[in-house]
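A quick write-up on the structure given underneath.
Only the coordinates and a few stated rules stand behind these numbers; no lab work does. Worth saying up front: this structure is predicted, and the values here are computed from it rather than measured. Using ideal geometry, Cβ is built from the backbone for each residue, glycine included, and neighbour counts are taken over all protein chains shown.
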């Protein structure tokens, strides 16, 4: 679990949502540290990033590794800590002269945006399983083509449907984007949900494309669950708002 949701009653009937960080308490084993040293042997300047639960292990590695120039940046956007990345905010990995990014996360969701946005190779380590994966430009190109196809579909679509989540922290402001698309002659619809149901979305057969405003993972990892194209709202802004 990356985030624990705690609901705190207020004086009114409404409920406030608090996001509480859940940090992984284990350390980096000596065997895994040696594997990371080997994986990084050809690189001198390394950008370090992590999802929130592994920020402590990122710092542990930074203190232990020798002979490398390490860069730990803080994103100017949603992430709260130096080196922290989110699925929707990988700007802590923006480092033009870094040789590689070393990421402490689970799976591909958090790190996929790094090669897509910055063209940098990522060495991704799962502290708990000990698995090390390399995500390179070839892997990113597959997803980049999918994003471009989604943008192309949005440009020619006549009927678009925005997917909007009621979950706190997953609301992406799209008022201006909706208006811009309406001015282009598109018919704009919205569906609001708490949990996305792909089977129900596939029942909207008259829609040409879905525009995702919730967790960006939906349009990346779950696109194949939909019969119609899907694209993240953020990817459309350069084409409709600039």
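Over segment 30-135, what is the percentage of antiparallel beta bridges among all DSSP beta bridges, to the nearest 5?
30
Connecting C-alpha atoms closer than 10 Å in a GNM of the chain, tell me which of 41, 153, 165 has the biggest fluctuation.
Most flexible of the set in this elastic network: 41.
Based on other C-beta atoms within 10 Å, arrange 190, 129 from fewest to most.
129, 190
Suppose only helical runs count, i.e. DSSP H with n ≥ 4. What mean residue ellipticity at 222 nm does that imply for the chain under -39500 (n - 2.57) per run, divided by all residues and rounded to the nearest 500 deg cm²/dmol? Write down the numbers at each step before the final one.
Working: 8 runs with 72 residues, N = 242.
Computed mean residue ellipticity for the chain: -8500 deg cm²/dmol.
How far, in degrees from 0 to 90, does helix 30-39 lean away from the longest principal axis of the Cα atoms of the chain, to the nearest 10?
Between the helix axis and the principal axis of the chain, the angle is about 70 degrees.
Run the numbers for residue 167 and residue 225: contour at 0.36 nm per residue of separation, minus the present Cα-Cα distance, in nm.
18.8 nm
Suppose the chain between residue 204 and residue 62 were pulled fully straight at 0.36 nm per residue; how much longer would it get relative to their current alpha carbon spacing?
Extra length from residue 204 to residue 62 when fully extended: 46.2 nm.
Could you work out the relative contact order of segment 136-212, using alpha carbon pairs under 8 angstrom and six or more residues apart, expressed as a whole percent?
44
Which of 48, 177, 102 ends up with the largest GNM mean-square fluctuation for the chain, with Cα atoms connected below 10 Å?
Ranking 48, 177, 102 by mean-square fluctuation puts 177 first.
For residue 35 and residue 69 in the same chain, what is the full-extension length gain: residue separation times 0.36 nm, less their Cα-Cα distance, in nm?
10.4 nm
Taking other Cβ within 10 Å of each residue's Cβ, how do 85, 65, 116 sort, fewest first?
So the residues, fewest neighbours to most, are 65, 116, 85.
For the chain, calculate the relative contact order in percent as a whole number, restricting contacts to Cα pairs under 8 Å that are 6 or more residues apart.
It comes to 13 percent, rounded to a whole number.
Cα axis of helix 137-156 to longest principal axis of the chain: angle in degrees, 0 to 90, nearest 10?
With rounding to tens, the tilt is 10 degrees.
Starting with the fewest neighbours, write out 139, 213 ranked by other beta-carbon atoms found within 10 Å of each beta-carbon.
Values: 139 17, 213 24.
Ascending Cβ contact count within 10 Å gives the list 139, 213.
At a Förster radius of 25 Å, what calculated FRET efficiency corresponds to the Cβ-Cβ distance of residue 155 and residue 193, to the nearest 0.05?
Once rounded, the FRET efficiency stands at 0.50.
Calculated from the structure, Rg/Rh (Cα atoms, Kirkwood Rh) equals which of [x] 0.93; [y] 1.05; [z] 1.01?
[z]
Against the longest principal axis of the chain, how steep is helix 55-64, in degrees 0 to 90 to the nearest 10, with axes from Cα atoms?
30
Taking a virtual spin label 7 Å from the Cα of residue 144 along the C-beta vector, which residues in segment 69-89 bring their backbone nitrogen under 20 Å of it?
87-89
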